[in-house]
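**Student:** For reference, the structure I am asking about is given below.
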Amino acid sequence: MDLSRFHSVLGNPELNSDVVADWPSFEERIGRHLPDDYKEFVSAYGPCEIFGDLWMWHPRADMLNLEGAMDRVLAEADFMRSQFPETYPYPLHPAPNGMIPVAESQAGANIYLAPPGSVRDAWMIAVDWKSSWSLYDYGFSEFLLKALKDELDDEFFDESVLEEVTVPYRMVGNVA
């Protein structure tokens, strides 16, 4: 993936982009290989806050830790599904081909990687916002670029946030 496509919108990443150090043990624990474009972005930019609204989680972060956040979001989803089964129409990890939460907005939207076989035969993005799901027929990097440039059919970032934020990207915490 060419990370330079993000530089004009977010600036230069602050991490060392060490995909090999960041991902194998996490992927082994969850039993799933994640898409390369997602891993490359997170290994370069995450854990971070984008436009003061979107929190990207990282597998070795002290804050915004991917595994801890993923466990929390999935536990909340399990509870909500037990009360309102119709609000979760897709399988969630660890179910076969279950969607994997990877980020969330301050407003409560959860961003999921939808693995091949969950909705179609390639990775795509699913967003759960107040029990309403939007599916995007894009890989992670294409989805995020379109969201950052306000090119999605749905407004992902509030327009006032895009206009008011002076620092589009900032690291949150440290990576062990």
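**Student:** Could you check, for the stretch 125-136, whether at least one of its residues is free of Cβ contacts under 8 Å to residues at least 24 places away in the same chain, among the β-branched types (Val, Ile, Thr) and under 25 Å from Gly52 (Cβ atoms)?
**Tutor:** Looking for residues that are free of Cβ contacts under 8 Å to residues at least 24 places away in the same chain, among the β-branched types (Val, Ile, Thr) and under 25 Å from Gly52 (Cβ atoms), one finds at least one in the stretch 125-136, hence yes.
**Student:** Quick one: which strands (runs of 3 or more DSSP E) sit completely within the stretch 1-120 and have at least 3 residues that are under 25 Å from Phe157 (Cα atoms) and of a type outside the set (Phe, Trp, Tyr)?
**Tutor:** Qualifying strands (runs of 3 or more DSSP E): 48-50, 100-105, 110-114.
**Student:** Search the stretch 13-37 for residues being without any contact (Cβ under 8 Å) to a residue 40 or more places away in the chain and either in contact with a Cys (Cβ under 8 Å, 6 or more places away or on another chain) or more than 21 Å from Gly139 (Cα to Cα) (or both), and hand back the single one that is most open to solvent (accessible area, probe 1.4 Å).
**Tutor:** Glu28
**Student:** Yes or no: the stretch 92-112 includes at least one residue that is over 27 Å from Glu14 (Cα atoms), touching a strand residue (DSSP E or B) at 6+ places or on another chain (Cβ under 7 Å) and in contact (Cβ under 8 Å) with a residue 24 or more places away in the chain.
**Tutor:** Yes, because at least one residue in the stretch 92-112 is over 27 Å from Glu14 (Cα atoms), touching a strand residue (DSSP E or B) at 6+ places or on another chain (Cβ under 7 Å) and in contact (Cβ under 8 Å) with a residue 24 or more places away in the chain.
**Student:** What's the number of the only condition in (1) without any contact (Cβ under 8 Å) to a residue 40 or more places away in the chain; (2) among the β-branched types (Val, Ile, Thr); (3) in contact with a helix residue (DSSP H, G or I) (Cβ under 9 Å, 6 or more places away or on another chain) that Val73 fails to meet?
**Tutor:** All conditions pass for Val73, except number (3).
The values are calculated or read from the model by the stated rules, or taken from the named source; none is laboratory data. Owing to the predicted nature of the structure, the values given are computational and were not obtained by experimental measurement. Note that we place each Cβ from the backbone using ideal geometry, even for glycine, and neighbour counts take in every protein chain shown. Areas reflect the complete protein model, heavy atoms only, side chains present, ligands, DNA and RNA absent. Shrake-Rupley method; radii C 1.70, N 1.55, O 1.52, S 1.80 Å.
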